[in-house]
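Input: a single structure, listed below in C-alpha cells.
The values are calculated or read from the model by the stated rules, or taken from the named source; none is laboratory data. These numbers come from a predicted model, not from an experiment. No Cβ is skipped: glycine too gets one built from the backbone with ideal geometry, and neighbour counts run over all protein chains shown.
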C-alpha cells in the first residue's frame, strides 16, 4: 500500500504510509501548531487503523509528530469554541473513546516515537500505544487544571492508571505539571529514553523492524488478552477465559511453521494465519 491520506479533510495534517517491510507510519503533521490535533486528524487516525486492519501485509504501526518541538500538544483549542450543549461535551469524549479504542484494538504492535511536548490528546494517543520511546527533551502531562478546566473520560483515566497507577495520575492532573523524560521512564510512562531526534528515529526504526519479524499472532493474542484484562479484570476469575486467543495461536499455520523451523534450525516464515 502506497502513501495515502485517510481523510480528505486531513490531507496534509495526518500522513499515513506503509513500506515494503510491513511498517506503517502515521505522522501528526501540524508542526506550526505543535501538532495540535483537529477532529479531522482524529478521524484520520481511525481511518488509518481501519486501513491496517484491511491490509495483512502490515506488521507494525509507528506514530510520531512532525518536527522536534512536539509529538502532539493536545486537541486544537479552536475545536472547542462551538461547544454549547451537554451533547457537545459528551459527544466529544465518546468520539475520543472511539479514537483511542480503535488504536488500542488495532491488531499490530504500535510504537509512539515521542519528541518534545506530549500533552493532552497527544499524551492520550501515546498512552494508547503499546510501546513508547522518547527523546530526553520530551515532556508529558495533562495540564487541564490550569488551562481549560475540562476533565478526562473514565476510559482515559483507566488507561493512564493502568500504566502509572492512580496516585501518579492524580499528581499529574492536580498539579498540572509536565513530567520530564527521565521521570516518565522511572514511572513506566515510557519504556526508553534516547538522546535526540536522530537517535529516536534510528531506535524506533530498529524496533519496528524487529517487531515486523516476529510472530504476528503471538503479539496479537498478547495485546488482546491484556486489553481484555484491563477492561474487565473479572475475567481472571472466570473459567477458561481467552480460549479463543489460545486456539488462534496453537491451531495456526504459524505455530506449525514455528515448530518445524525451530527443529530445522532455520528462521520461521510467519504468515499471520
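Numbers at a glance
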quantity	calculated
Test result for residue 273, outside the structural domain of residue 112 (by TED's automatic domain parsing), loosely packed, with under 12 Cβ neighbours inside 10 Å, in contact with a helix residue (DSSP H, G or I) (Cβ under 7 Å, 6 or more places away or on another chain) and at negative phi	yes
Only listed residue being in the same structural domain as residue 25 (by TED's automatic domain parsing), within 27 Å of residue 57 (Cβ to Cβ) and in a helix (DSSP H, G or I), chosen from 205, 254	205
Among residues of segment 257-266, those that are modelled with pLDDT of 80 or more and either in contact with a strand residue (DSSP E or B) (Cβ under 9 Å, 6 or more places away or on another chain) or surrounded by fewer than 13 Cβ atoms within 10 Å (Cβ to Cβ) (or both), counted	5
Residue check, residue 242 more than 19 Å from residue 23 (Cβ to Cβ) and either in the same structural domain as residue 26 (by TED's automatic domain parsing) or surrounded by 13 or more Cβ atoms within 10 Å (Cβ to Cβ) (or both)	yes
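A quick yes/no check of all residues on (1) at pLDDT below 90; (2) out of contact with any strand residue (DSSP E or B) (no Cβ under 6 Å at 6 or more places or on another chain); (3) closer than 22 Å to residue 190 by Cα:
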position	(1), (2), (3)
43	no, yes, no
50	no, yes, no
59	no, yes, yes
84	yes, yes, no
93	no, yes, no
96	no, yes, yes
112	no, no, yes
